[in-house]
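Enquirer: Okay, here's the structure, questions in a sec.
Values quoted throughout were computed directly from the atomic coordinates according to the rules given, and no laboratory measurement underlies them. Computed from a predicted structure; not experimentally measured. We place every Cβ from the backbone using ideal geometry, glycine too, and count neighbours over all the protein chains shown.
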Amino acid sequence: MRAGRLSLRMGLVRDSNLALASGIALVACWAVLALFAPWVAPHDPIAQDVANALTPPSLAHPFGTDNFGRDVLSRVIWGSRLDLAMGVGGVFAPLVIGCIIGLVAGYFGGIADTLLMRLLDVTISFPFFVLMIAIISILGPGLVSFFIALALVGWVSYARLIRSRTLVLRHSDFVAAGQILGFGSARIMFRHVLPNAALPVLVFAMSDIVLTILLGSSLSYLGLGVQPPLAEWGVMIAEGQNFISSAWWITLFPGLAIVVLALGFSLMADGLAARYEGRE
């Protein structure tokens with residue numbers, strides 16, 4: 001019986017390691033392409049060549065060209081910069097805000113917890129996507145508006161996760177020891193409670209990066225995110241939708257890029273989640 005459990009646990013560890021390694025490899029490949037885009041991309045991503053518009057994939061243009069004659073491969077490579085920035089940057093601010101609110105609410109409890117949780121309830125009472133569109137419409141389309149809107153509405157899930165963990169950890173022996181030694185509340189929260197509560201939040205953040213990339217691409221598709229002629233995968237799909245029957249490559253390759261990058265972060269999240277469950 002014990003041998004069977006050990007074998008099952010080892011199998012789960014191997015699977016989690018494989019998923020984590022595969023996810024890191026995929027994300028690292030895109031990160032390298034984004035970092036070295038000026039040297040890797042074969043053409044200028046915004047240079048127009050109307051004479052070669054809607055050219056199918058060939059040796060000169062492996063991913064073909066769009067309706068303005070721009071090289072699709074170069075635009076996909078350059079687009080990885082914006083989509084990675086939207087995914088990682090879009091999660092950073094909500095993560096920080098949510099962790100602070102969740103820590104304060106869970107550690108102090110009482111009136112602070114009640115007020116902050118009512119703020120959370122008000123925020124989640126509105127549909128997330130509709131609220132994002134409303135804020136961006138007020139601020140104006142663009143990447144900065146996208147980040148501001150995410151910071152205002154995306155912190156909720158992180159706050160709930162940190163609060164639930166903090167409610168448990170604040171009764172731990174190391175917290176009591178810190179209080180006896182005279183440590184301040186800020187030191188206990190950020191140097192002792194937060195590191196012990198961070199792993200499930202990081203797992204969720206990896207999954208949230210996937211959703212943020214898809215959200216950013218969707219908003220760009222609707223004309224509320226990154227604006228043309230910048231190379232961004234959602235913008236490329238929107239620009240190619242009118243040519244999908246005659247120039248399928250304009251939408252296919254940026255769509256595949258979104259899928260592969262999202263798969264990488266999903267595998268990282270699965271690997272981290274399996275490791276976290278193994279530690280429980």
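Enquirer: What nm distance separates the two modelled labels at Ser164 and Asn242, each placed 7 Å from Cα along Cα→Cβ?
Expert: Label-label distance for Ser164 and Asn242, simple model: 4.7 nm.
Enquirer: Quick one: helix 128-139 against the long Cα principal axis of the chain, what's the angle to the nearest 10°, folded into 0 to 90?
Expert: So the helix axis and the longest Cα principal axis differ by about 70 degrees.
Enquirer: Taking neighbour Cβ counts within 10 Å as the exposure measure, how do Phe128, Phe36 sort from fewest upward?
Expert: With the sparsest Cβ surroundings first, the list reads Phe36, Phe128.
Enquirer: Next question, about the same structure. May I ask for the angle, rounded to the nearest 10°, between helix 194-221 and the longest principal axis of the chain, with both axes built from Cα atoms and the value confined to 0 to 90°?
Expert: The angle comes out near 30 degrees.
Enquirer: Another question, if that's okay. Determine the gain in length on full extension of the stretch Val144-Asn17; use 0.36 nm per residue of separation and subtract their C-alpha separation, reporting nm with one decimal. Don't skip to the end; give the middle numbers.
Expert: Working: separation 127, 0.36 × 127 = 45.72 nm, distance 3.60 nm.
Extra length from Val144 to Asn17 when fully extended: 42.1 nm.
Enquirer: When ranked by the protection proxy of mean other Cβ atoms within 10 Å per residue, highest first, what sequence do the peptides 74-84, 41-51 form? Could you put the intermediate results ahead of the total?
Expert: Numbers: 74-84: 23.8, 41-51: 14.3.
Order by mean packing, descending: 74-84, 41-51.
Enquirer: At what distance in nm do the modelled label points of Phe128 and His171 sit from each other, each positioned 7 Å from its Cα along Cα→Cβ?
Expert: Output for this residue pair reads 3.0 nm.
Enquirer: Hey, another quick one. Considering only the other residues whose Cβ falls under 12 Å of the Cβ of Val156, what net charge follows from Lys and Arg at +1 and Asp and Glu at -1?
Expert: On the way: positive: Arg160, Arg163; negative: Asp121, Asp208.
Residues close to Val156 contribute a combined charge of 0.
Enquirer: With a sphere of radius 14 Å drawn around the Cβ of Phe146, what net charge do the other residues whose Cβ falls strictly inside it have (Lys, Arg +1; Asp, Glu -1)?
Expert: On the way: positive: none; negative: Asp83, Glu232.
Around Phe146, the charge tally is -2.
Enquirer: Quick check: net charge around Pro228, other residues with Cβ under 12 Å of its Cβ, Lys/Arg +1 and Asp/Glu -1?
Expert: Within the 12 Å Cβ shell, the charges total -1.
Enquirer: Moving on to the next point. Tell me, what are the semi-axes, in whole angstrom and largest first, of the equivalent ellipsoid of the chain as set by the roots of 5 times the Cα gyration tensor eigenvalues? If you can, show how the numbers build up before the last one.
Expert: Numbers: eigenvalues 349, 121, 41 Å².
Three semi-axes, in Å: 42, 25, 14.
Enquirer: I've got another one for you. Output the 0 to 90 degree angle, nearest 10, between the alpha-carbon long axis of helix 249-279 and the longest principal axis computed from the alpha carbons of the chain.
Expert: Rounded to the nearest ten degrees, it is 20.
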